[in-house]
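What follows is a short report on a single structure.
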Amino acid sequence: MKSDLVVILQDVAVLSAALLAGGQIFVLFVVLRTARHMSTLDSFHLHQKMLSTDYPDSYIQPSGIVMFVLGDVLLGIENRTAANVVLTVIPMVCIASIIVLTRLVNRPINRELGTWTDADVDRYPAERRRWDRIHALRALCGTTALVSYIILANH
């Protein structure tokens, strides 16, 4: 039987994962989809105003940190079955992957686009496609982390 502390920490991990995955999925299926239906210049301006400012990271990043730390704590206190370890490590690997992808690809693109002027808009479609593809991978990682924590909390 799970201790109350383990149950609470697993529930908080699910909540944190839901905030992270929800934000990523919203960007993937709403923001990027909307941007594709805009003119290139308007899409570029949207990217500059929203994504180059790190607004989504104001809650997504702390949620990822909480998820990772909770995974580490859970590994130390939960019953060490193979399933528990795997279902706890998967979200941690997913968060580490998101961090690497964000720091190596998406954030540098955001920073670069934040310095561009309208005269640079012809270069934007290629950068946005690259950003979109990597963000899709990040959203897959976030969703995988959420599913893993949900299964962990419910088995």
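The values are calculated or read from the model by the stated rules, or taken from the named source; none is laboratory data. Worth saying up front: this structure is predicted, and the values here are computed from it rather than measured. Every residue, glycine as well, gets a Cβ built from its backbone with ideal geometry; the counts of neighbours run over all protein chains shown. All accessible areas refer to the heavy atoms of the entire protein, side chains included, with ligands and DNA or RNA removed. Shrake-Rupley method; radii C 1.70, N 1.55, O 1.52, S 1.80 Å.
Taken together, the criteria place Val12 among residues that are surrounded by fewer than 19 Cβ atoms within 10 Å (Cβ to Cβ) and in a helix (DSSP H, G or I).
So, in the stretch 26-60, how many residues would count as being over 14 Å from the mean Cα position of the chain (by Cα), of a type outside the set (Ser, Thr, Tyr) and surrounded by 14 or more Cβ atoms within 10 Å (Cβ to Cβ)? Break it down stepwise before answering.
The first filter runs over the stretch 26-60 and keeps only residues over 14 Å from the mean Cα position of the chain (by Cα), leaving 30-50, 52-53.
After this cut, where a residue has to be of a type outside the set (Ser, Thr, Tyr) as well, the list is 30-33, 35-38, 41-42, 44-50.
From the residues that got through so far, the ones that are surrounded by 14 or more Cβ atoms within 10 Å (Cβ to Cβ) too are 31-32, 35, 44-48, 50.
The number of residues fulfilling the criteria is 9.
Exactly one residue out of Ala145, Ala153, Ala136 is in contact with a Pro (Cβ under 7 Å, 6 or more places away or on another chain) and in contact (Cβ under 8 Å) with a residue 60 or more places away in the chain, and it is Ala145.
Please go through the stretch 122-149 and pick out each residue that is more than 15 Å from the chain's Cα centre (by Cα) and crowded, with 17+ Cβ neighbours inside 10 Å.
Initial filter on the stretch 122-149 (more than 15 Å from the chain's Cα centre (by Cα)): 122-130.
Those that are more than 15 Å from the chain's Cα centre (by Cα) and crowded, with 17+ Cβ neighbours inside 10 Å: Tyr124, Glu127, Arg128.
With respect to (1) under 30 Å from Asp4 (Cβ atoms); (2) touching a residue at least 12 places away in the same chain (Cβ under 8 Å), the lone exception for Gln48 is condition (1). Regarding Ser3, is this residue hydroxyl-bearing (Ser, Thr, Tyr), open to solvent by 40 Å² or more (accessible area, probe 1.4 Å) and farther than 17 Å from Arg129 by Cβ? Taking the combined requirement at face value, the residue satisfies it.
Val69 meets each of the listed conditions (1) under 22 Å from Cys141 (Cβ atoms); (2) touching a helix residue (DSSP H, G or I) at 6+ places or on another chain (Cβ under 8 Å); (3) open to solvent by 50 Å² or more (accessible area, probe 1.4 Å); (4) aliphatic (A, V, I, L, M) apart from (2). So in the stretch 78-116, with the set limited to residues that are at pLDDT below 95 and within 16 Å of Val6 (Cβ to Cβ), which one is surrounded by the most Cβ atoms within 10 Å (Cβ to Cβ)? Applying the filter and picking the extreme gives Glu78.
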